[in-house]
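First comes the structure, then the notes that go with it.
The values are calculated or read from the model by the stated rules, or taken from the named source; none is laboratory data. These numbers were taken from a predicted model, which means no experiment stands behind them. Here Cβ is always computed from backbone atoms with ideal geometry, including for glycine, and neighbour counts include all displayed protein chains. Note: accessible area is taken over every heavy atom of the protein model, side chains too, but ligands, DNA and RNA are not part of it. Shrake-Rupley method; radii C 1.70, N 1.55, O 1.52, S 1.80 Å.
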Amino acid sequence: MDIRPVAHRDAVPGLTTGLTLPPAGDRPRVLVTTGTSVGDRELFDALAQSLVEAGAEVLVTTTPDAVVERPHVHAIGFAPLAEVLPEIDLVVGAAGSGTLLATLANGTPSILLPQIADQPANAARAVAHESAVLIETPEQAGPALSTLLGDDRYRAGARRLAEAIAEMPHPEDVASRIFDARPTGRV
């Protein structure tokens, strides 16, 4: 059964901070997140540096004290993707299932640097649908940003996937059907 992926909306006690995004300006807003599986500060720093050099305003999902603050880099902590995705131009991530599916459901293109587990396979699928660019090193993020923003096929690919995802049943509808169909055990 198909089921629509939905970006998380709820705060996570002990992780979620109050979300304050920097004002939108002339620079594209880029979310750098490696989900819950990869929390490598050096990786975040290298990705952010490459993206800033390419002209981006970078939002990093790490705690504010874990990032060297510099112009155009903003640590936003662990933030609900449902709040962040509508406010950004693209996502740079590791291609974890949750983040990638939420990003695609939003119609947002990605730059992907897979690290572990299912991430390489997820990234390959997104690239095949022209909704993402695959990179092998953090330093490639800036040039990939230019590629994504300069070629409409990536945004179009992400939109096509978002439309297909929107046609899938919402998780609440699926849960209702499951619970409504189960035997009650009453005589």
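Would you list the strands (runs of 3 or more DSSP E) that sit entirely within region 78-146 and hold 2 or more residues that are in contact (Cβ under 8 Å) with a residue 60 or more places away in the chain?
Those strands (runs of 3 or more DSSP E) span 90-93.
Open to solvent by 20 Å² or more (accessible area, probe 1.4 Å), part of a helix (DSSP H, G or I) and modelled with pLDDT of 90 or more: does that describe Ser50?
Here the answer is no, as Ser50 does not meet what is asked.
Going residue by residue through region 151-164, is there one that turns out to be within 15 Å of Arg29 (Cα to Cα) and either modelled with pLDDT under 90 or of a type outside the set (Ser, Thr, Tyr) (or both)?
For region 151-164, residues within 15 Å of Arg29 (Cα to Cα) and either modelled with pLDDT under 90 or of a type outside the set (Ser, Thr, Tyr) (or both): present.
Pro80 passes all but one of (1) surrounded by 18 or more Cβ atoms within 10 Å (Cβ to Cβ); (2) at pLDDT below 90; which number fails?
All conditions are met except number (1).
May I ask you to list the residues in region 23-40 that are surrounded by 13 or more Cβ atoms within 10 Å (Cβ to Cβ) and at pLDDT 70 or above? Spell out the reasoning first.
As a first pass, look at region 23-40 and keep what is surrounded by 13 or more Cβ atoms within 10 Å (Cβ to Cβ): 27-40.
Within region 23-40, Arg27, Pro28, Arg29, Val30, Leu31, Val32, Thr33, Thr34 meet the criteria.
Mind checking which residues of region 109-160 are surrounded by 23 or more Cβ atoms within 10 Å (Cβ to Cβ) and of a type in the set (Val, Ile, Thr)?
Ile111, Val133
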